[in-house]
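J.: Before we start, here is the structure in question, set down as structure tokens.
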Amino acid sequence: MSGMPPAATMPIAGVCDARFGAVRDAFAANLATRSEIGAAVTVALDGRVVVDLWGGFADTARRRPWARDTLVNVFSVSKALTTVCALRLVERGVLDLDAPIARIWPEFTAADVTLRHVLSHRAGLPALRAPLPADAMLDWATMAAALARQPPWWEPGTAHGYHVNTFGFLVGEVVRRATGRTLGARLRDEIAGPLGADLWIGLPAAEHLRVAEFRWNEPVPALDREVLADDDLMRWATYFNPAGFSGVGFVNTPAWRAAELPSTNGHGTARGVARFYAALAAGGTIDGVRLLDAATLAQAVTPHSVGPDRVLQRPSAFGLGFQLSQPERRLGPNPGAFGHFGAGGALGFCDPATGLAFGYVMNDMGPRWQNPRNRALIDALYACL
């Protein structure tokens, strides 16, 4: 790109404990040799930040350096935030994991679907069959009504498939029906605010100037619905009905940033993500701020859906809302680690066995499955222990 600084001059700032120098080296390599535009990584050990680095650029023209407080869309890292908002209500008895959702959402026609089904990706509702306008995901009422009408693609509870974009609307509408408040508002007031974590679902206009531009040039693939097998239609619609469901063509717009898409458009810093997971690494409470009781958290990271995924067509592993470490995609060497990946390489996770909490955010759509950038950071991190 014309005017682009050489990789070796990409600025890196922040702090890094000498013990974790390999993490800084891996982070620098992501920017210098693995095509990252801009990024930030934070690691906390037993609640103490030992790595807090940011570097590269917050725009695709590479003119605006990534700053300490740069926000970026973290995609499915948002699902863990959404999950904790819901599980807090389960703890209080406001929501029941195993009651039919239709009890508090009367328009919801999938009578046997429960919140546990949704959180474990077993509800059979990863996609909408009826075509929707390209920007429909920006209108909460439109999405909730469409999901209420959608019959499950498989019998709920009998299989699992990653509810890539519908997850947040399903959980969020249950939360709204139960409390009268949106999920983004609950995240702000009950989790991000008390923790001092820079995390948002539904970004206020005053914060938009801090957001990094995201490079994502992937087009919406063409589709002939008449010749597509039903499962193939489901997989396509999971990502592209409505066309902007995953953020294609919308991710850098004010409307996308301001809307609440709790599966997909959370915005945050690596520091905010790591702070969230530091509380979970400590059993659910840190510095007097309780996110979840230890018993609730233990249930949330108990395997619920492990094996072939009907949407992804590869193995996946989920507890309630959290992705679990699996042989095909390890979160380090310890089986008890849990968290959530985001499209392009973003990642938040913790490892209670070591007291580690980790956040990585970036603004380039790298590989979704086996991402060499977050893999290099994870490998370097554990090599330092």
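The values are calculated or read from the model by the stated rules, or taken from the named source; none is laboratory data. This is a predicted model, so every value here is computed, not measured. No Cβ is skipped: glycine too gets one built from the backbone with ideal geometry, and neighbour counts run over all protein chains shown.
J.: Just one of the numbered conditions (1) in contact with a Phe, Trp or Tyr (Cβ under 8 Å, 6 or more places away or on another chain); (2) assigned to a loop (DSSP other than H, G, I, E, B); (3) under 30 Å from ASP46 (Cβ atoms) is not true of VAL273; which one?
T.: Exception for VAL273: condition (2).
J.: Filter the range 311-327 down to the residues that are within 16 Å of the chain's Cα centre (by Cα), part of a strand (DSSP E or B) and not aromatic (Phe, Trp, Tyr) and list them by number.
T.: SER316, ALA317, GLN323, LEU324
J.: Collect the residues in the range 340-383 that are part of a loop (DSSP other than H, G, I, E, B) and modelled with pLDDT of 95 or more, keeping them in residue-number order.
T.: GLY342, ALA346, PRO352, ALA353, THR354, GLY355, ASN363 - these are the residues of the range 340-383 that are part of a loop (DSSP other than H, G, I, E, B) and modelled with pLDDT of 95 or more.
J.: Quick one: which of ARG92, ARG68, ARG24 is on the phi < 0 side of the Ramachandran plot and touching an Asp or Glu at 6+ places or on another chain (Cβ under 9 Å)?
T.: Exactly one of ARG92, ARG68, ARG24 is on the phi < 0 side of the Ramachandran plot and touching an Asp or Glu at 6+ places or on another chain (Cβ under 9 Å), namely ARG68.
Yes/no matrix, rows are residues, columns are (1) out of contact with any strand residue (DSSP E or B) (no Cβ under 8 Å at 6 or more places or on another chain); (2) charged (D, E, K, R):
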| residue | (1), (2) |
| --- | --- |
| LEU53 | no, no |
| ASN73 | no, no |
| ALA86 | yes, no |
| ARG103 | yes, yes |
| ALA110 | yes, no |
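J.: Of the residues in the range 176-221, how many are in contact (Cβ under 8 Å) with a residue 12 or more places away in the chain, within 24 Å of ARG62 (Cα to Cα) and assigned to a helix (DSSP H, G or I)?
T.: Count: 4.
J.: Now, a different point. Just give me the residues in the range 38-65 being among the β-branched types (Val, Ile, Thr), surrounded by fewer than 24 Cβ atoms within 10 Å (Cβ to Cβ) and in contact (Cβ under 8 Å) with a residue 40 or more places away in the chain, in sequence order.
T.: Of everything in the range 38-65, those that are among the β-branched types (Val, Ile, Thr), surrounded by fewer than 24 Cβ atoms within 10 Å (Cβ to Cβ) and in contact (Cβ under 8 Å) with a residue 40 or more places away in the chain turn out to be VAL49, THR60.
J.: Test LEU356 against the stated conditions and say whether it is within 23 Å of ALA300 (Cβ to Cβ) and aliphatic (A, V, I, L, M).
T.: Details: within 23 Å of ALA300 (Cβ to Cβ): yes; aliphatic (A, V, I, L, M): yes.
Spelling it out, LEU356 is indeed within 23 Å of ALA300 (Cβ to Cβ) and aliphatic (A, V, I, L, M).
J.: Looking only at the range 103-128, count every residue that is farther than 17 Å from ARG149 by Cβ and either not β-branched (Val, Ile, Thr) or not assigned by TED's automatic domain parsing to the domain that holds TRP154 (or both) and tell me the total.
T.: Going through the range 103-128 one residue at a time, the tally reaches 8.
J.: Something else now. Could you list all residues from the range 66-89 that are among the hydrophobic types (A, V, I, L, M, F, W, C) and buried (at least 21 other Cβ atoms within 10 Å of the Cβ)?
T.: TRP66, LEU71, VAL72, VAL74, PHE75, VAL77, ALA80, LEU81, VAL84, CYS85, ALA86, LEU87
J.: Yes or no: ASP351 in contact (Cβ under 8 Å) with a residue 24 or more places away in the chain, among the charged types (D, E, K, R), in the same structural domain as VAL41 (by TED's automatic domain parsing) and surrounded by fewer than 17 Cβ atoms within 10 Å (Cβ to Cβ)?
T.: No.
J.: Okay, moving on. Any idea which of (1) assigned to a loop (DSSP other than H, G, I, E, B); (2) buried (at least 17 other Cβ atoms within 10 Å of the Cβ); (3) in contact with a helix residue (DSSP H, G or I) (Cβ under 9 Å, 6 or more places away or on another chain) is the one THR238 doesn't satisfy?
T.: In the conditions (1) assigned to a loop (DSSP other than H, G, I, E, B); (2) buried (at least 17 other Cβ atoms within 10 Å of the Cβ); (3) in contact with a helix residue (DSSP H, G or I) (Cβ under 9 Å, 6 or more places away or on another chain), THR238 misses (1) alone.
J.: Please find, within the range 67-107, the residue that is nearest to VAL164 (Cα to Cα) out of those that are in a helix (DSSP H, G or I) and among the charged types (D, E, K, R).
T.: Ranking the qualifying residues of the range 67-107, first place goes to LYS79.
J.: Of all residues in the range 139-156, which are out of contact with any Phe, Trp or Tyr (no Cβ under 7 Å at 6 or more places or on another chain) and either in a helix (DSSP H, G or I) or surrounded by fewer than 17 Cβ atoms within 10 Å (Cβ to Cβ) (or both)?
T.: Hits for the range 139-156 are ASP139, TRP140, ALA141, THR142, ALA145, ALA146, ARG149, PRO151, GLU155.
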